[in-house]
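A short reminder: the numbers here are calculations on the coordinates, not readings from a lab. Everything numeric in this text was worked out from a predicted model, so none of it was measured. For neighbour counting, all protein chains shown are included, and Cβ atoms are generated from backbone atoms with ideal geometry for every residue, glycine included.
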Amino acid sequence: MSRGNEFVAEAWTNERSAESAGGTQLESRPGSARRVRYTYLPKSEYKAQMDAYRKELSAVIAANKATMNALGQCIQGGGNFNCGRFQTSDLPDDPNIREAGEPDPAAPAAPTVTPEQAAYIASARIRLSAPKPMIGPPPEINEWGMAAVGYPLWLWAEGNLNPAPVSDSVYDLAVSLDARLVSVVFDMGDGGRVTCSNVTTRWTRSVEPGAKSPACGYVYPKPSLPDGSYTVTANAVWAIDWAINGSTGSLPFYQSASTEIPVGELQVLIR
């Protein structure tokens, strides 16, 4: 929703409907509006403050681009790395200033930002829910309470994996955002990683015992027990497509969520 010239969005909780999947309908959740108070400044002072704001905004966006690129390489590059060390910075606050104008200072033009800057401002205020990693068959359904070394496990994700597009304005620029889940990189906790573009194929009790997932799966080669459980982390790789006045682009975005799974060895007794 829009509050004055400020873009404000609640949690991105709506899923894409059949209509919006084709781009013809946007789902949004209404919220309460508030007025934004602007400070009206003389032209020279306004220009100085806006130049400083745009300079800081450009610097933070450039730094965040580099950070997101490094994070993406870490997540998708393989190996045991602490990808959580890559943290982006918050964008500078909207200065909420306008240039006092003649003859009507009550309705001056909004500050000018580039389409890409507007897209970053808009996307920074969007909240996507991190997909939750799921593993099947779940260890709790067997008598040992653990997954077994060498047994095929199914991997998928749950949550809002196909959110509806959202649309609003930033500094009087109409902004459309559409988040796409590109893939999920499962860090299995033992050094192994699996990258899956299909994370909606779930294990069910009707699956033949020992059958491999046709979409996304993993086999542990060694146990975690008796030392504990493996931490399985689902690293979601999103692309947030944006469109503003004929300009388009895509912003990478990453999220992580984890779960635990104990893995042990089953001993076969031969008599």
Quiz item: How many angstrom separate the Cα center of region 185-253 from the Cα center of region 51-94?
Solution: 23
Practice problem: Pull up the cross-link candidates among the lysines for K55, meaning alpha carbon to alpha carbon under 26 Å and not fewer than 8 places away within one chain. | Solution: K43, K47, K65
Quiz item: What is the spin-label model distance, in nm, from A124 to W144 if the labels are put 7 Å beyond Cα along the C-beta direction?
Solution: 5.1
Quiz prompt | Karplus-derived HN-Hα couplings along region 83-90 (A = 6.51, B = -1.76, C = 1.60, θ = phi - 60°), whole Hz, x at Gly and Pro | solution = 6, x, 6, 8, 10, 7, 9, 5
Quiz item: So if we plug the beta-carbon distance of A215 and S167 into 1/(1 + (r/R0)^6) with R0 = 30 Å, what FRET efficiency do we get, rounded to 0.05?
Solution: 0.40
Quiz prompt | Sequence-distant lysines (8 or more away, or on other chains) whose Cα lies within less than 30 Å of K212 | solution = K132, K222
Quiz prompt | Highest to lowest packing among 144-156, 57-69, scored as the average C-beta count within 10 Å | solution = 144-156, 57-69
Quiz prompt | Length released on extending from N198 to D227, taking residue separation times 0.36 nm less the Cα-Cα span | solution = 7.2 nm
Exercise. Count neighbours as other Cβ atoms within 10 Å of each site's Cβ, and list the GluC sites (Glu not before Pro) in region 115-178 that are DSSP loop with at most 12 such neighbours.
Key: E143
Quiz item: What residues qualify as long-range amide H neighbours of V170, i.e. H under 5 Å apart, gap of 5 or more or another chain, H built at 1.01 Å from N?
Solution: V175
Self-check item: Förster radius 35 Å - calculated FRET efficiency between K43 and A66, Cβ distance, rounded to 0.05
Solution: 0.50
